[in-house]
Structure formats: C-alpha cells, structure tokens
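The values are calculated or read from the model by the stated rules, or taken from the named source; none is laboratory data. Treat the numbers as computed from the prediction; the structure is a model and nothing was measured. Cβ coordinates were reconstructed from backbone atoms using ideal geometry, including for glycine residues, and neighbour counts include every protein chain displayed. Side chains included, ligands, DNA and RNA excluded: accessible areas come from the protein's heavy atoms. Shrake-Rupley method; radii C 1.70, N 1.55, O 1.52, S 1.80 Å.
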Amino acid sequence: MTYTENLLQIYAASFRSNWQLPALTDYVSGENLTYADFALRIARTHFFFRELGLKQGDKVALMGKNTVSWVVTYMATLTYGAVIVPILQDFNVQDAQHIINHSGSELLFVADAIWENMEFDKLRRVKVAMSLDSAKVLAEHPDNSGRARKAIQQLPKLFKARYPEGYKASDVEYPMMPSDSPAEINYTSGTTGFSKGVILTQSNLTGNVVFGMRSHLHYQGSRCLSFLPLAHAYGCAFDMLVPLAVGTHVTLFGKLPSPKALLKAMSEVRPNLILLVPLILEKIYRNKIIPEISKPAIRRMLAVPGVRSVIHGKIRRSLIDAFGGEFEEVIVGGAPLNPEVEQFLHRIRFPFTVGYGMTECGPLISYTPWRKFVPGSAGRILPNMEVKVESPDPSKIAGEICVRGQNVMKGYYKNPQATEAVLDKDGWLHTGDMGTVTDDGTIFIKGRSKTMILSANGQNIYPEEIEAKLNNMPYVAESLVVERGKKLVALVYPDYEAMDRNRVTTAMLPEIMGKVTQELNKLVAPYERIDHIQLIANEFEKTPKRSIKRYLYNA
C-alpha cells in the first residue's frame with residue numbers, strides 16, 4: 001500500500017487546527033512559539049525567499065543545533081517547495097563546505113559558532129549566508145546586489161500590505177508539490193567513509209509521517225522532548241515532522257544529551273513518547289541498575305520468585321519515573337540494543353520497543369508497539385513497505401535484508417554508481433544488513449554484511465554479536481572485534497567510571513582483561529573466540545548517531 005496524503009497539506013491543516021496550541025519551546029533559552037507564531041514565522045520566511053528569487057526545487061542548506069530557528073528554517077523551506085539540505089553540526093567545516101557545494105545550495109542558514117570557521121569564498125553557489133542565532137545576513141555574494149539586506153528591511157512593510165488585518169489561520173496555504181519531487185537531501189554520516197546525499201522525496205517523507213500519525217505515536221496536545229539531532233533522519237521524522245503534523249508540543253533540548261542532563265529535562269517536560277539511541281539506555285543500565293542488583297542482599301532476594309517480581313516492579317517504576325513518568329513507550333533506534341540490556345528491560349516489563357531504519361528510507365523500515373514487540377527483533381515491516389532476505393531459508397539462515405516501498409529513497413544525489421550499487425532494477429534497496437525475517441515480516445538483524453568476517457572453516461562471524469557480550473563484561477566501556485592475521489582481536493576502551501568506583505588501577509587491567517577473555521570465550525561459539533584483548537587509550541571515533549566508525553580500525 002501507499003499513503004496518498006499530500007505532505008504540505010498535512011502541515012497546512014495541522015497549523016490551522018492547532019493554531020492556539022504550543023508548538024515549540026527552546027529548553028535552553030525558554031523561547032516559546034504557538035502554532036500561530038510558528039506559521040507566522042514560516043510565512044515571513046517565505047516572503048524572504050521570494051524577495052531573494054528562490055524557486056521551488058532550489059536547495060537551502062541548514063547547519064546548527066536543535067533550536068526554534070532551525071525548525072522554522074527547515075519547515076519554511078519544505079512548505080515553500082524548495083529542497084532542504086540539513087547538515088549535522090558535528091561534521092567538520094571542510095566536510096560541511098563540500099556538502100554545501102555538492103548539493104548546489106544557494107542559501108545557507110548556519111549557527112554563528114560554525115560560521116566563524118567557514119570560508120564564504122569557497123561556497124561556490126551560495127548567494128546568501130544567514131545567521132540562525134540573530135537572523136542577520138552573515139555574508140552576501142556581490143552578484144546578489146544586496147537583495148538579502150534589502151529584503152529584511154522591506155519585509156515588515158510588504159507583510160503588512162499583504163496581510164493588513166494580521167496573519168490568520170485561514171491564510172495558511174502551501175503548494176501542492178508532486179509526490180516524487182525532492183523534499184530533502186540528507187547526507188548520511190556513514191560508518192564506512194565519505195557521506196552520500198540521500199534524495200528523500202515528498203512521498204518518502206509522507207510515508208514516515210502518515211505512519212506516525214496513524215500509529216498515534218504523537219497526538220494533539222502530547223509532549224515531546226527533542227534531543228536527537230534533527231539533521232539526522234531518525235530525530236527529524238519522529239521528534240519533528242510527525243509531532244508538528246498532529247499538534248504536539250515539541251521542546252528542543254539543544255544541549256549535549258548526557259544521561260544526567262536528559263533525565264532532568266524529562267522530569268520537567270514529561271514527554272509522552274521517547275526516542276532513544278541504545279547508548280543512553282545502556283549507560284543507565286550499567287551505571288544505575290547493575291550496581292543496585294549486584295548487591296548481595298538484592299541478589300539473594302532476586303532468587304525468590306515472589307520477591308523477584310516485587311523488586312522488578314520497583315526497578316520498572318523508578319525507571320519510568322526517571323523518564324518523566326507519562327510516556328506510552330520508549331522507541332530505541334539508530335543502532336542495535338545490547339541483548340543483555342534488552343532482556344533485562346523485557347523481564348521487568350519496561351515499556352520499550354526497538355525499531356529499524358536507515359537514512360535511505362527517511363528513516364523507518366520496521367516497528368512494533370511495545371506490547372507486541374518480540375525481544376531480539378527489530379520490529380515488523382511497515383504496511384507501506386516490503387521485505388525479503390536473500391537466503392535459501394530466510395527465516396533461519398541470515399542473508400542480506402532488502403526492502404522496497406514508499407519510504408525508499410529516489411537515489412544518491414549526483415551519484416548514479418552508488419545508487420546502482422544499492423537500488424536494483426526492481427526497486428529493492430539492498431540495506432547491507434544481514435538477518436532473518438519471519439512469515440509475518442518481523443525482522444531479526446545479525447550484523448552488517450560489510451563487517452561480517454569469514455572464519456577459516458567457512459563460518460560467518462558477526463562482530464556485533466561478540467561485542468554485545470563483551471560490552472557486558474567488567475571494566476569494558478565499549479569494544480570492537482576485528483580480524484588481525486586470521487585471528488580475532490577485541491579492541492577495548494576501558495570503563496574508567498567503574499574503575500574509579502572500585503579503585504581499580506590501569507596496572508591491574510591486563511590481568512582483568514585476561515580473565516574477561518576467558519569468560520567471553522565460554523559464551524561464544526568456538527569459531528567466534530577471540531585471541532586477545534588490545535586496550536585503546538581513547539574512545540572510539542563515532543558518527544553523530546553514535547555508531548563507531550569501524551573503517552578507521554579495520555586496517
């Protein structure tokens with residue numbers, strides 16, 4: 001099936017019907033916009049675009065942290081019919097400048113702190129650079145004849161002339177864009193090297209948004225705390241696009257999302273739906289839950305069935321309260337959740353589910369509400385998508401997961417070779433993920449095909465499965481299993497917090513890691529056993545969605 005609603009008309013209807021409701025709050029500055037204020041800011045931005053001569057289909061680049069002005073710029077570009085190019089603020093300036101040039105962006109909206117390190121003369125097609133912080137012109141190409149500054153000066157008069165009685169709900173009108181026209185070019189952070197520009201059409205975004213609306217993930221008057229980067233497809237779709245389509249109040253966190261700071265914000269905002277990457281849940285499990293349930297008295301009580309359920313209930317309640325106490329479920333995505341953490345959360349009946357997606361699907365591929373979630377799975381394929389596994393027995397033998405349907409991208413921008421490598425002639429997107437699928441479309445992921453190691457006796461080894469077990473071992477913060485001369489070696493970054501807590505010195509680590517190696521090798525298949533652990537001094541380099549950049553460590 002295909003959702004046939006028109007994306008921009010969804011937003012026009014939402015803004016009109018939610019006119020007086022709160023739309024956006026900046027957690028740091030306290031700035032608040034109702035849907036009326038939001039629609040007005042969008043309308044003013046449209047006037048600015050017209051004065052600059054921006055046309056439908058032109059590209060607008062956007063780079064900064066989650067703020068009200070970031071959301072206004074994104075939604076104004078989308079509802080104008082131009083193409084938004086969101087750039088993750090974590091990208092270095094050279095990569096960002098390359099993306100701006102590669103996309104052919106004519107307008108740039110950027111945070112002042114990022115702009116300080118940019119070189120305007122290296123941005124080949126950009127006519128105007130605008131500040132996300134002050135709404136001032138940062139730079140304007142000489143050929144543009146000062147149109148941007150003139151437009152800003154004339155805007156109040158032009159707007160007053162067009163809407164003499166003020167901008168009303170009935171004035172909200174957006175164009176009917178063709179479903180296959182590009183809406184966004186999202187440059188993937190990529191764990192395998194240089195990023196590619198994913199072309200997401202109006203229809204791709206509609207598929208994600210309408211599924212979110214029909215699933216009641218957000219609803220009129222619900223509350224959302226947006227802390228995942230909105231320039232990433234996961235946060236963009238379900239912390240912004242879906243909420244704004246139904247009348248949700250979105251609070252933009254806009255700070256580094258440490259567990260401590262996040263939990264404080266959640267207690268204040270009390271969100272009704274929470275999107276998380278696994279790292280946050282795993283840190284809470286390791287730093288809060290493990291020390292508690294490892295106490296001798298608690299361990300003895302957990303051995304008694306009746307008492308166990310009481311303790312599990314208390315842990316569940318404390319976790320729910322820590323996340324604000326009013327959410328329907330926690331959706332975990334962006335990377336695999338550690339199996340031990342997942343099993344524990346399922347055992348205590350914590351309301352969580354794990355979804356699966358990728359930027360190339362804008363992002364959602366599969367999802368199941370928490371009450372129907374199958375532990376170990378990545379949810380069920382969406383109604384507007386199909387899935388197949390290239391394997392002789394797709395339900396038992398892992399093969400590459402392929403998906404087809406409304407959410408699948410148009411291709412990579414200006415990169416037909418890369419497009420042909422993943423999109424076949426029948427429209428199947430080859431995800432690069434290895435897994436199995438049940439008859440009802442529930443997906444189980446083993447690992448990435450690019451990271452799979454073939455053992456000497458022909459066995460498929462998925463490093464992620466070994467790492468999941470290793471990351472639960474004492475004093476292991478994170479790990480990466482690589483092949484070194486036909487042997488498996490585990491690179492480990494130590495858990496310094498746990499070491500400090502238990503007064504463990506670095507001199508004691510080699511002996512501890514020797515024991516960890518022995519324990520790990522008891523838990524894995526003979527062909528998955530590691531030869532030794534190699535300690536590394538610094539955290540692994542990661543993408544903005546917190547995936548380790550494996551390609552840097554495979555040499």
Original post:
If you check Asp495 against the conditions, is it under 22 Å from Ser258 (Cβ atoms), open to solvent by less than 30 Å² (accessible area, probe 1.4 Å) and among the charged types (D, E, K, R)?
Top reply: yes
Original post:
(1) in contact with a strand residue (DSSP E or B) (Cβ under 9 Å, 6 or more places away or on another chain); (2) more than 20 Å from Arg223 (Cα to Cα); (3) among the polar types (S, T, N, Q): which one isn't true of Ser309, the others all being true?
Top reply: (1)
Subject >> Only one of Val387, Val354 that is buried (at least 24 other Cβ atoms within 10 Å of the Cβ) and of a type outside the set (Gly, Ala, Ser) >> reply: Val354
Original post:
What about Val310, is it out of contact with any helix residue (DSSP H, G or I) (no Cβ under 8 Å at 6 or more places or on another chain) and on the phi < 0 side of the Ramachandran plot?
Top reply: yes
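Touching a residue at least 60 places away in the same chain (Cβ under 8 Å), open to solvent by 20 Å² or more (accessible area, probe 1.4 Å) and more than 25 Å from Lys450 (Cβ to Cβ): is that true of Ser179 in this structure?
Details: touching a residue at least 60 places away in the same chain (Cβ under 8 Å): yes; open to solvent by 20 Å² or more (accessible area, probe 1.4 Å): yes; more than 25 Å from Lys450 (Cβ to Cβ): yes.
Considered against the rule, which asks whether it is touching a residue at least 60 places away in the same chain (Cβ under 8 Å), open to solvent by 20 Å² or more (accessible area, probe 1.4 Å) and more than 25 Å from Lys450 (Cβ to Cβ), Ser179 comes out as yes.
Can you name the residue in the range 340-357 that is touching a helix residue (DSSP H, G or I) at 6+ places or on another chain (Cβ under 8 Å) and assigned to a loop (DSSP other than H, G, I, E, B) and is also farthest from His430 (Cα to Cα) among such residues? Lay out the reasoning, then the answer.
Step one: list which residues in the range 340-357 are touching a helix residue (DSSP H, G or I) at 6+ places or on another chain (Cβ under 8 Å), which gives 340-341, 344-345, 347-354, 357.
Within this subset, residues satisfying the condition of being assigned to a loop (DSSP other than H, G, I, E, B) are 348-351.
Numbers: Ile348: 36, Arg349: 34, Phe350: 33, Pro351: 31 Å.
Filtering the range 340-357 for residues that are touching a helix residue (DSSP H, G or I) at 6+ places or on another chain (Cβ under 8 Å) and assigned to a loop (DSSP other than H, G, I, E, B), the one farthest from His430 (Cα to Cα) comes out as Ile348.
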Original post:
Do we have any residue at all in the range 475-484 that's open to solvent by 10 Å² or more (accessible area, probe 1.4 Å), under 25 Å from Gly435 (Cβ atoms) and within 28 Å of the chain's Cα centre (by Cα)?
Top reply: yes
Original post:
Which condition does Ile185 not pass, out of (1) part of a strand (DSSP E or B); (2) on the phi > 0 side of the Ramachandran plot, if it passes all the others?
Top reply: (2)
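Every residue, every condition in (1) within 25 Å of Leu155 (Cα to Cα); (2) at pLDDT 95 or above; (3) buried (at least 17 other Cβ atoms within 10 Å of the Cβ); (4) not aliphatic (A, V, I, L, M), yes or no:
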residue	(1), (2), (3), (4)
Leu8	yes, yes, yes, no
Tyr11	yes, yes, yes, yes
Ser17	no, yes, no, yes
Gln20	yes, yes, no, yes
Val28	no, no, no, no
Tyr35	yes, yes, yes, yes
Phe48	yes, yes, yes, yes
Leu54	yes, yes, yes, no
Subject >> Output for the range 433-449, where each listed residue is buried (at least 18 other Cβ atoms within 10 Å of the Cβ), over 17 Å from Phe373 (Cβ atoms) and at pLDDT 90 or above >> reply: Asp433, Met434
**OP:** Within the range 146-164, identify whether any single residue is under 30 Å from Gln20 (Cβ atoms) and assigned to a strand (DSSP E or B), and answer yes or no.
**Re:** no
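Any chance you could count how many residues in the range 202-219 are of a type outside the set (A, V, I, L, M) and either on the phi > 0 side of the Ramachandran plot or not in a helix (DSSP H, G or I) (or both)?
Keep residues of the range 202-219 that are of a type outside the set (A, V, I, L, M), which gives 202-204, 206-208, 211-212, 214-216, 218-219.
Still in the list and also either on the phi > 0 side of the Ramachandran plot or not in a helix (DSSP H, G or I) (or both): 215-216, 218-219.
Counting residues in the range 202-219 that are of a type outside the set (A, V, I, L, M) and either on the phi > 0 side of the Ramachandran plot or not in a helix (DSSP H, G or I) (or both) gives 4.
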**OP:** Select from the range 501-555 the residues that are basic (Lys, Arg), open to solvent by less than 90 Å² (accessible area, probe 1.4 Å) and either touching a His at 6+ places or on another chain (Cβ under 9 Å) or not in a strand (DSSP E or B) (or both) and list them in ascending order.
**Re:** Lys545, Lys549, Arg550
Original post:
Restricting attention to the range 154-176, does a residue exist that is in contact with a Gly (Cβ under 6 Å, 6 or more places away or on another chain) and not β-branched (Val, Ile, Thr)?
Top reply: yes
**OP:** Could you list all residues from the range 361-370 that are surrounded by fewer than 23 Cβ atoms within 10 Å (Cβ to Cβ) and more than 19 Å from Glu340 (Cα to Cα)?
**Re:** Thr368, Pro369
Original post:
Looking at Leu33, Leu54, Leu8, which one is assigned to a strand (DSSP E or B), of a type in the set (A, V, I, L, M, F, W, C) and touching a helix residue (DSSP H, G or I) at 6+ places or on another chain (Cβ under 8 Å)?
Top reply: Leu33
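Quick check: anything in the range 317-329 touching a helix residue (DSSP H, G or I) at 6+ places or on another chain (Cβ under 6 Å) and closer than 16 Å to Gly376 by Cβ?
No: the range 317-329 contains no residue that is touching a helix residue (DSSP H, G or I) at 6+ places or on another chain (Cβ under 6 Å) and closer than 16 Å to Gly376 by Cβ.
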**OP:** Could you tell me whether the range 480-497 includes any residue that is in contact with a strand residue (DSSP E or B) (Cβ under 9 Å, 6 or more places away or on another chain), under 22 Å from Glu541 (Cα atoms) and in a helix (DSSP H, G or I)?
**Re:** yes
Original post:
Within the range 90-130, how many residues are crowded, with 17+ Cβ neighbours inside 10 Å and not in a helix (DSSP H, G or I)?
Top reply: 16
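Where residues in the range 358-397 are of a type in the set (Val, Ile, Thr) and not in a loop (DSSP other than H, G, I, E, B), which of them is nearest to Gly334 (Cα to Cα)? If you could, list the steps in order and put the result at the bottom.
Step one: list which residues in the range 358-397 are of a type in the set (Val, Ile, Thr), which gives 359, 365, 368, 374, 381, 387, 389, 397.
Restricting the remaining residues to those that are not in a loop (DSSP other than H, G, I, E, B) gives 359, 365, 381, 387, 389.
Working: Thr359: 10, Ile365: 12, Ile381: 16, Val387: 19, Val389: 21 Å.
So the residue we want is Thr359.
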